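K.L.:
Pasting in a structure now, in structure tokens, and then I'll have a few things to ask.
The values are calculated or read from the model by the stated rules, or taken from the named source; none is laboratory data. Since we're looking at a predicted model, the values are computed, not measured. Every residue, glycine among them, receives a Cβ derived from its backbone with ideal geometry; neighbour counts consider all protein chains shown. Areas reflect the complete protein model, heavy atoms only, side chains present, ligands, DNA and RNA absent. Shrake-Rupley method; radii C 1.70, N 1.55, O 1.52, S 1.80 Å.
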Amino acid sequence: MTQSVKFDKLAATYDAARGGEGRGHMTAATISPHLAPGSVLEVGVGTGVVAAGLAAIGHTVRGVDVSEPMLEVAATRFDGELLLGDGMALPFEDASQDNVVYVHALHLMPDMSAALAEAARVLRPGGRVVVRHGDPVAEADDLVLILRQVQGMQPARPDEPAAVRAAAEAAGLLMRQQGLEPEYESGMSPETFIALIANRQVPFLQRLAPDRAAAVVEPILKQLHALPEPGRVRRQAWSCWLTVAQKQA
């Protein structure tokens, strides 16, 4: 069986490019209203920012991730149960979980339908799957316009809304909701973005050979260096797709 994507080498710096605990708590607040009563399993818990956010607002949370270094970071901010395991073969008994959550992690599974079938297996009847997925979108400013170019360079994502819906239905789950919903707010300056690009902290750049990565980022860096007020933080409100499905009671 093919294993889900690992982020072992990025564990120490992963949060720097993704908003850290602040973003995690905002995302958790958008997930909480859609959960069934009971505990929460986050698949692809990563560094634990969302799990910590859910715990902070009163949920009992456990997390599973395929990367041990990511779990080590998660353990520094979250004292819930953390298990090493793959979303393609969850280390839990049938009908043992109340909710299964994926936060920008489902697309890292080699087969979304099989991953959601695993979620359905471990869910109790009436339990829910909540998925945050897809590229984030925000109203355009000078920095967002360049961010969109970077998004456009990346391989097509498998977690488009129709694909996630189809995967959920193939797993026997009942669709409850799907839509583009606010998720988090963030701020970044051109200087910060330049550092992320130059240090190849954008994951798809790390998969490129150094000479190819340099050629890809050169025009982006040129545009970033040309922006006015390079130290000024631009604030954006980002929306991403939210899909909620339920196991038949």
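K.L.:
Which one of Val66, Val73, Val61 is open to solvent by less than 40 Å² (accessible area, probe 1.4 Å), of a type in the set (A, V, I, L, M), in contact with a Leu (Cβ under 9 Å, 6 or more places away or on another chain) and touching a residue at least 60 places away in the same chain (Cβ under 8 Å)?
P.N.:
Values: Val73 fails: in contact with a Leu (Cβ under 9 Å, 6 or more places away or on another chain); Val61 fails: touching a residue at least 60 places away in the same chain (Cβ under 8 Å).
Just a single option satisfies the conditions, and that option is Val66.
K.L.:
What number of residues within the stretch 195-240 satisfy the criterion of being of a type in the set (D, E, K, R), in contact with a helix residue (DSSP H, G or I) (Cβ under 6 Å, 6 or more places away or on another chain) and at pLDDT 85 or above?
P.N.:
Quick first cut of the stretch 195-240, residues of a type in the set (D, E, K, R) only: 200, 207, 211-212, 218, 222, 229, 232, 234-235.
From what's left, in contact with a helix residue (DSSP H, G or I) (Cβ under 6 Å, 6 or more places away or on another chain): 200, 234.
Okay, now just the ones that are also at pLDDT 85 or above, so 234.
The number of residues fulfilling the criteria is 1.
K.L.:
Moving to a separate point now. For Arg23, indicate whether it is touching a strand residue (DSSP E or B) at 6+ places or on another chain (Cβ under 9 Å), under 30 Å from Ile194 (Cα atoms) and among the charged types (D, E, K, R).
P.N.:
Working: touching a strand residue (DSSP E or B) at 6+ places or on another chain (Cβ under 9 Å): yes; under 30 Å from Ile194 (Cα atoms): yes; among the charged types (D, E, K, R): yes.
Yes.
K.L.:
Right, something else. Of everything in the stretch 209-243, what is closer than 22 Å to Glu185 by Cα and among the β-branched types (Val, Ile, Thr)? Give them in sequence order.
P.N.:
Within the stretch 209-243, Val233, Thr243 qualify.
K.L.:
Is it true that some residue in the stretch 114-136 is open to solvent by 70 Å² or more (accessible area, probe 1.4 Å), under 17 Å from Phe92 (Cβ atoms) and touching a Lys or Arg at 6+ places or on another chain (Cβ under 9 Å)?
P.N.:
yes
K.L.:
Of all the helices (runs of 4 or more DSSP H) wholly in the stretch 183-232, which have at least 2 residues that are touching a residue at least 24 places away in the same chain (Cβ under 8 Å), surrounded by 15 or more Cβ atoms within 10 Å (Cβ to Cβ) and hydrophobic (A, V, I, L, M, F, W, C)? Break it down stepwise before answering.
P.N.:
Working: elements: 190-198, 203-206, 210-226.
Those helices (runs of 4 or more DSSP H) span 190-198, 210-226.
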